[in-house]
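Peer 1: The structure under discussion is supplied below as structure tokens; questions concerning it will follow.
The values are calculated or read from the model by the stated rules, or taken from the named source; none is laboratory data. Worth saying up front: this structure is predicted, and the values here are computed from it rather than measured. We place every Cβ from the backbone using ideal geometry, glycine too, and count neighbours over all the protein chains shown. Each accessible area value is taken on the protein alone, full model and side chains, heavy atoms only, with ligands, DNA and RNA left out. Shrake-Rupley method; radii C 1.70, N 1.55, O 1.52, S 1.80 Å.
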Amino acid sequence: MDAILKPVAQRGDAADASLGRPTREQAEAAVRTLLAWAGDNPEREGVLDTPKRVAKAYEEIFSGYFQDPAEHLQRTFEDVGGYDDIVLVRGIPFFSHCEHHMLPFIGEAHVAYYPTDGVVGLSKIARVVDIFAKRLQTQENLTAQIVDALDTNLAPRGIAVMLEAEHQCMTMRGVQKRGVSTITTQFTGVFRDDPNEQVRFMSLVRDTRRG
């Protein structure tokens with residue numbers, strides 16, 4: 001599991017500096033430098049408060065660095081009437097940022113697992129997706145991290161994760177191809193070992209898209 005820093009709300013600038021994290025003032029200065037490098041005037045009225053806004057926005061869109069997904073997967077429910085079939089949470093919207101260009105990629109996650117001794121609250125799966133998405137990422141790594149968190153904390157009989165996303169580093173720059181989606185999948189346990197289970201998972205995801 002990735003090292004988790006303390007939540008921002010529990011830490012001041014002094015603590016940040018001791019851990020090697022720049023202060024807010026340093027972050028704002030960096031934004032002013034980028035504004036000037038881009039060709040704008042950091043002292044212009046329209047962008048005068050932009051460094052503060054960017055620093056505040058970054059606290060939110062990269063808040064996943066300060067959250068531990070294990071905390072959301074600790075509580076499970078065993079009173080499920082003997083249910084032991086697939087649990088699928090499909091169409092979880094997410095946004096993340098490419099670690100190569102720091103541009104967004106936006107899409108949906110479909111997460112399924114076969115419970116062992118109990119099930120986890122459905123909203124917790126969406127929270128796990130958000131925690132890892134709110135970090136600098138590649139889609140491949142994001143997929144693997146979701147699987148690893150579920151596997152480590154729930155020990156299910158199998159996990160299936162599928163991510164579909166459009167990357168702005170392909171639409172805003174470079175080849176500039178709009179509407180191109182990237183799909184990544186990873187399977188463990190029964191999903192990895194039984195191709196029929198993979199087909200079942202994919203069919204359930206496709207049924208969602210038809211709906």
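Peer 1: Tell me whether the stretch 159-175 contains one or more residues that are under 26 Å from GLU78 (Cβ atoms) and either of a type in the set (Phe, Trp, Tyr) or open to solvent by 30 Å² or more (accessible area, probe 1.4 Å) (or both). Outline the logic, then answer.
Peer 2: Taking the stretch 159-175 first, the residues under 26 Å from GLU78 (Cβ atoms) are 159-161.
Subset that is either of a type in the set (Phe, Trp, Tyr) or open to solvent by 30 Å² or more (accessible area, probe 1.4 Å) (or both): none.
No, that holds for no residue.
Peer 1: Within the stretch 109-120, is there a residue that is open to solvent by 50 Å² or more (accessible area, probe 1.4 Å), within 25 Å of GLU197 (Cβ to Cβ), among the small types (Gly, Ala, Ser) and in a loop (DSSP other than H, G, I, E, B)?
Peer 2: Initially, the stretch 109-120 is screened for residues open to solvent by 50 Å² or more (accessible area, probe 1.4 Å), giving 116-117.
Filter once more, so that each one left must be within 25 Å of GLU197 (Cβ to Cβ): 116-117.
Then drop every residue that is not among the small types (Gly, Ala, Ser), which leaves none.
No.
Peer 1: Of all residues in the stretch 102-138, count the ones that are among the charged types (D, E, K, R) and under 30 Å from VAL31 (Cβ atoms). If you could, list the steps in order and put the result at the bottom.
Peer 2: Our first condition is that a residue be among the charged types (D, E, K, R); within the stretch 102-138, this holds for 108, 117, 124, 127, 130, 134-135.
Now narrow it down to the ones that are under 30 Å from VAL31 (Cβ atoms): 127, 130, 134-135.
Count: 4.
Peer 1: Also: Across the stretch 122-149, what is the number of residues that are of a type outside the set (A, V, I, L, M, F, W, C) and over 14 Å from GLN67 (Cα atoms)?
Peer 2: Of the residues in that region, 8 qualify.
Peer 1: For the stretch 151-211, please list each of the helices (runs of 4 or more DSSP H) lying entirely inside it that holds at least 1 residues being within 22 Å of the chain's Cα centre (by Cα) and over 21 Å from TYR83 (Cα atoms). I'd like the intermediate steps shown before the answer.
Peer 2: Numbers: elements: 168-171, 189-193, 195-210.
Result: 168-171, 195-210.
Peer 1: Turning to a different aspect of this structure: Take the stretch 1-31 and flag every residue that is open to solvent by less than 90 Å² (accessible area, probe 1.4 Å) and either touching an Asp or Glu at 6+ places or on another chain (Cβ under 8 Å) or at pLDDT 95 or above (or both). Quick ask: steps written out before the conclusion?
Peer 2: Just the residues of the stretch 1-31 that are open to solvent by less than 90 Å² (accessible area, probe 1.4 Å), to begin with: 2, 4-5, 7-8, 11-17, 20-24, 27-31.
Hits for the stretch 1-31 are ILE4, VAL8, ASP13, PRO22, THR23, ARG24, ALA27, GLU28, ALA29, ALA30, VAL31.
Residue by residue, here is whether (1) of a type in the set (S, T, N, Q); (2) free of Cβ contacts under 8 Å to residues at least 24 places away in the same chain holds:
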site: ARG127; (1), (2): no, no
site: ILE131; (1), (2): no, no
site: ALA155; (1), (2): no, no
site: ILE159; (1), (2): no, no
site: GLU164; (1), (2): no, no
site: THR171; (1), (2): yes, yes
site: VAL175; (1), (2): no, yes
site: GLY189; (1), (2): no, no
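Peer 1: Which residue is modelled with the lowest pLDDT, if the candidates are limited to the stretch 169-191 and must be in contact with a helix residue (DSSP H, G or I) (Cβ under 8 Å, 6 or more places away or on another chain) and closer than 20 Å to VAL147 by Cα?
Peer 2: Top of the filtered list is THR182.
Peer 1: Same structure again: Only one of (1) buried (at least 17 other Cβ atoms within 10 Å of the Cβ); (2) over 18 Å from GLY64 (Cβ atoms) is not met by ASP207, so which one is it?
Peer 2: It is condition (1) that ASP207 fails.
Peer 1: Within the stretch 38-46, is there a residue that is over 15 Å from the mean Cα position of the chain (by Cα) and open to solvent by less than 40 Å² (accessible area, probe 1.4 Å)? Can you show your working first?
Peer 2: First pass over the stretch 38-46, keeping only residues over 15 Å from the mean Cα position of the chain (by Cα): 38-46.
Checking which are open to solvent by less than 40 Å² (accessible area, probe 1.4 Å) leaves us with 42.
Within the stretch 38-46 (the criterion being over 15 Å from the mean Cα position of the chain (by Cα) and open to solvent by less than 40 Å² (accessible area, probe 1.4 Å)), the answer is yes, since at least one residue qualifies.
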